[in-house]
């Protein structure tokens, strides 16, 4: 396991790599655009999936986001990290898509059970597997992930955004504030309320009792 200094160096190297790709993309390199897509497609897909709760719609939404990135990348001025700019573009695109889907009754037609697509769900697909896990331990973690996914799916949009960006994608409060256009204090307040709602659902399902018992 790398120490904090090595981790800091790795983050700096990755940010320099991304900045170089952005510069190349702004100069017209489609290869650089493709590499940026490969770098960020998993977190952006996971964000889209959590915002629309349906895999095919999330795939289409992810494609739309990266098409917008390719078209708008020359407007990126470097005043923030590229990942923060990308998250803001993604959030705005997700909001627009959700508004459009809401108008046609999409969310009434999609069962909340669709949030958990078994092994095909993003949270499961990217979850590290401990080879030493007993089957019942792995099953319990799988069930907990499904309950958390359903709880997140019931959150209002402004709460869902912050809990996904903070607790799933690991963004800082400042990055979330920039991406959502909110003050950092508002982000913290929304995150506290979102976590409380998820915690209440875990208590209702008895998950926390199992974990703490």
Taking the residues in region 55-70 that are surrounded by 21 or more Cβ atoms within 10 Å (Cβ to Cβ) and more than 15 Å from residue 22 (Cα to Cα) as candidates, determine which candidate is modelled with the lowest pLDDT. 58
Entirely in region 71-185, the helices (runs of 4 or more DSSP H) that have 3 or more residues that are closer than 25 Å to residue 195 by Cα and at pLDDT below 90: 82-103, 122-125, 135-153
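Per-residue answers, yes or no, for (1) over 15 Å from the mean Cα position of the chain (by Cα); (2) closer than 23 Å to residue 74 by Cα:
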| site | (1), (2) |
| --- | --- |
| 4 | yes, no |
| 9 | yes, no |
| 21 | yes, yes |
| 29 | yes, yes |
| 34 | yes, yes |
| 39 | no, yes |
| 52 | no, no |
Filter region 26-50 down to the residues that are touching a helix residue (DSSP H, G or I) at 6+ places or on another chain (Cβ under 7 Å) and over 30 Å from residue 157 (Cβ atoms) and list them by number. 26, 32, 35
Please find, within region 150-173, the residue that is farthest from the chain's Cα centre (by Cα) out of those that are under 12 Å from residue 87 (Cβ atoms) and free of Cβ contacts under 8 Å to residues at least 60 places away in the same chain. 172
Log entry, pairs with first residue in region 197-213 being closer than 19 Å to residue 159 by Cβ, second being modelled with pLDDT under 75 and part of a helix (DSSP H, G or I), beta carbons closer than 7 Å, six or more apart or on different chains, reads 202/208
How many residues are outside any helix (DSSP H, G or I) and on the phi < 0 side of the Ramachandran plot if we restrict to region 41-70? 1
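The values are calculated or read from the model by the stated rules, or taken from the named source; none is laboratory data. Just so we're clear, the structure is a prediction, and the values are computed from it rather than from any experiment. Heads up, the Cβs are rebuilt from the backbone with ideal geometry, glycines too, and the neighbour counts pull from every protein chain shown.
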